Structures are given as structure tokens and as C-alpha cells.
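Undergrad: First the structure, then my questions, so here it is.
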Amino acid sequence: MDKEQKNSSDRMTRRSFIRSSARGVLLTGTGWTLGYLGGRGTAEEWVWQIDPSKCIYCENCATACVLSPSAVKCVHEFEICGYCRLCTGFFVPDSIALDESAENQVCPTNAVVRKFIEDPYYQYSINEDNCFGCGRCALGCNAFGNGSLYLQIRHDRCVNCNQCAIALTCPTEAIRRVPKSRPYDKKLQVQEENPQGGESEA
Ligand code: SF4
Ligand code: SF4
Ligand code: SF4
């Protein structure tokens, strides 16, 4: 293996490591384990969740929830992310510079945290305490990026209303009940289960 091939191989190894490490952060940091409610619920119980394939990020989720701030948060599926230097979920289209200045950021509450990994890769994570579910970052990511940022109802906050107030006003009927044993919609998982497209389990 010549020097250039070795450097390329090293970069790929590091990038694979970043992805697998980040996947661990996602799964542990946001509690996206399918059985995280084990012992507290049964497969017959249902909770409300957003279908990412239907959500258009209309900002209604930020204000229609009975909770304030909303139980809806942005989540980041690292396996889909491109770790872009110019993240369209982070930077406004006319940003003056690619830095963390408030005027350059899409998020109005500084809830998207940008961290340099290695040239040219950056990791973006969500500080849920600052996120109020407006979906502006997800709109930017889905419009021009890989769509790895999207909205989910977080079940450590949601009180599982008999009728979700957001679902009543959602313009695309993106919110429906899912089994409590599987409370989150991971995009990759849905794509693997429905490779031809179509609606996720509801
Ligand atoms: S109300 Fe519906 S379309 Fe609007 S942000 Fe919420 S889930 Fe998405
Ligand atoms: S832009 Fe909105 S949805 Fe995205 S992290 Fe900030 S507050 Fe949350
Ligand atoms: S079920 Fe209730 S608490 Fe949960 S997201 Fe809907 S309105 Fe908010």
C-alpha cells in the first residue's frame, strides 16, 4: 500500500470511528433504545409520535403542545449525517461566516451544538434543554442536506394526552399513535423496513 492509499485508508477508518462513536452518543444520549420503557409499559399501550416522512416543519409543534416548552424536540440521526462543514441545518443561507456567531445560526436558541471533529468534518448535536421544537434546523437539513435532523415527540417529557393537541392541528396528519414498546421513528429503520417507500408503522 503506497503512502497516499494508507492516508486515505486512515481517513476512512477515522470517519467510520466518528460515525460509530456518534451512533453510541445518539443511542445513549437521547434514549433511543427500542425497549427503553421496558418494565413500565406493555406492547398493547400506545404513544404519540411524528412520522418524519410526513412532517413539513411548519413550526406548529413549537406552540400547539399542552406543555411549554413543547415535548417535541429536534433529534439527530448521526448515521445519516454527512458531518458537513457547511451544515444547512446550522447556518442561515446568507451567513456571513462559517462560525458559531448567533447571527449565522438557524436555531434561535443556540440549541444546535457544532463541534469540530477533523478536517473537514463537524458534528452537530442537540441541547434539548434549549430546543422548543420549532423545526427550523430540520427544515434546512431536509431541504439541502441529508435530512438527518428531524422532529420527534420526546417521551421523557410528553404526558401522552388522550388526544395530542398537536395532532389536531398538524397540517399533514404527521402525528399518530405508535406502540409504546417502539416509541421513536428512526428514519434509517423505516427506510430499511420499507425500501420501496410508503408509510411507516402506525
Ligand atoms: S404540526 Fe405536523 S407538520 Fe407541523 S411541525 Fe409538527 S408534525 Fe411537522
Ligand atoms: S432550530 Fe428549533 S427545532 Fe432546531 S434545535 Fe433550535 S429550537 Fe430545536
Ligand atoms: S400528547 Fe400532549 S404532551 Fe405529548 S406532544 Fe401531544 S400535546 Fe404535547
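The numbers here are math on the coordinates, done by the rules we state, and not lab data. If you're wondering where the values come from, they're calculated on a predicted model, not measured in any experiment. Here the Cβ positions follow ideal geometry from the backbone for every residue, glycine too, while neighbour counts run over all protein chains shown.
Undergrad: If the only charges are +1 at each Lys and Arg Cβ and -1 at each Asp and Glu Cβ, what is the size of the charge dipole of segment 47-112 around the Cα centre, to the nearest 20 debye?
TA: So the dipole magnitude of segment 47-112 works out to roughly 200 debye.
Undergrad: Could I ask something else about it? Indicate the gyration tensor shape class of segment 105-162 (rounded, prolate or oblate), computed on the Cα atoms with a ≥ b ≥ c the square roots of the eigenvalues: a/c under 1.5 is rounded; otherwise a/b larger than b/c is prolate and the rest oblate.
TA: prolate
Undergrad: Next up: Starting from the Cα coordinates of segment 62-179, work out the convex hull volume and express it per residue in Å³.
TA: 116
Undergrad: Starting from the Cα of Ile117, step 7 Å along the direction of its Cβ; do the same at Cys58; then give the gap between the two resulting points in nm.
TA: The answer from the label model is 3.5 nm.
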